[in-house]
1. Mind checking which residues of region 199-225 are surrounded by 22 or more Cβ atoms within 10 Å (Cβ to Cβ) and not in a helix (DSSP H, G or I)?
2. Kindly establish whether residue 274 is at pLDDT below 80 and in a helix (DSSP H, G or I).
3. So which residues in region 207-238 are at pLDDT below 95 and aromatic (Phe, Trp, Tyr), if there are any at all?
4. Between residues in region 164-190 that are free of Cβ contacts under 8 Å to residues at least 40 places away in the same chain and closer than 22 Å to residue 224 by Cα and residues that are polar (S, T, N, Q) and surrounded by fewer than 18 Cβ atoms within 10 Å (Cβ to Cβ), which pairs lie under 6 Å by C-beta distance while being six or more apart or on different chains?
5. Can you spot a residue in region 141-149 that is β-branched (Val, Ile, Thr), closer than 27 Å to residue 217 by Cβ and part of a helix (DSSP H, G or I)?
Amino acid sequence: MEITRTRPSLFGDIAHGLGFWTDRSAVHEAAAQGKALQLQQLIQGGAAVNIVAVDSITPLHEACIQGQTQCVQLLLDAGAQVDARNIDGSTPLCDACAAGSLECVKLLIQHGAAVNPPLFTFTPLHEACMGGNADCVQLMIDVGALTEAYDSHFGTPLHVACARQHFDCAKVLLNAGANVNAAKFHETALHYAAKVKNVDLIKLLIEFGGNIYATDNLGKKPINYTSPGSPTNICLAFYENTPLSLQQISRVALRKALGRRALDSVSKLGLPNRIVCYVLYQPPPDLDLDIDYF
């Protein structure tokens, strides 16, 4: 299932108090190209760091889109508005997450960037998942990003990760307690994984409690989006015809009860290490850590 960025413009008529409409400025160009010395000279010469182009993009947006860490630092130090929004509503943090620039993300957060922007649906966490940037996904979760943030077009970050087949991002989200059965128009992430024919994602989602019997608004289960005899069809058919073990049911139930607290709470329950590892989807301590757990 291919996701395309076709959201309607949210802020097409105003510049949000960031300055006057203009074509791309020398500050925009320097920020985008990573010309830190030139940017510094422009700032020292009195150039406006919050000047906006016709699409409401600020120099800070440009620097973040290109992952220009030094320019981001210069702009923020000069008073660039950290949560400025472009014509699509994206903030610089969204752009840094989309670019997979961990250092830019850290800088923006240090300067107070909103992790969960108000009145905004497609969050920085969605962008990190869209770009397949698992490290950014983890960092955003660590600083409080909402794993259940919902966009009416894209669904949750987990929907995005599965639609784009970013296994590592999906695993980070699930480990952090993301709701594996969250629905967008009754479609779960498992429906998405079936549509993109990704067996590894299907197995991952089911391991974390994905409901193989969930039906979408057309009354279809994930298996209904697979071709008879295909690897995804065989995989889903196996799970439909094979009851889950008691230990798997118990693991999913415990994880569901603990939610986002699972990673911190399980180790405090006084359980044997092997059980802790099992609940946290980690290899047992006596096994080679290079073994693929799934």
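The values are calculated or read from the model by the stated rules, or taken from the named source; none is laboratory data. Quick caveat, the model's predicted, so the values are computed rather than measured. Using ideal geometry, Cβ is built from the backbone for each residue, glycine included, and neighbour counts are taken over all protein chains shown.
1. 208, 210
2. Details: at pLDDT below 80: no; in a helix (DSSP H, G or I): yes.
Answer is no for this residue.
3. 208
4. As it stands, the answer is 181/211; 185/217; 186/217; 188/181, since those pairs meet every condition given.
5. Initial filter on region 141-149 (β-branched (Val, Ile, Thr)): 141, 143, 147.
Right, trim to closer than 27 Å to residue 217 by Cβ and you get 147.
Filter once more, keeping what is part of a helix (DSSP H, G or I): none.
Scanning region 141-149, I find no residue that is β-branched (Val, Ile, Thr), closer than 27 Å to residue 217 by Cβ and part of a helix (DSSP H, G or I), so the answer is no.
Condition check ((1) over 19 Å from residue 193 (Cα atoms); (2) in the same structural domain as residue 103 (by TED's automatic domain parsing); (3) not hydrophobic (A, V, I, L, M, F, W, C)) across all residues:
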{"site": "121", "(1), (2), (3)": "yes, no, yes"}
{"site": "127", "(1), (2), (3)": "no, no, yes"}
{"site": "131", "(1), (2), (3)": "no, no, yes"}
{"site": "134", "(1), (2), (3)": "no, no, no"}
{"site": "138", "(1), (2), (3)": "yes, no, yes"}
{"site": "141", "(1), (2), (3)": "yes, no, no"}
{"site": "146", "(1), (2), (3)": "yes, no, no"}
{"site": "150", "(1), (2), (3)": "no, no, yes"}
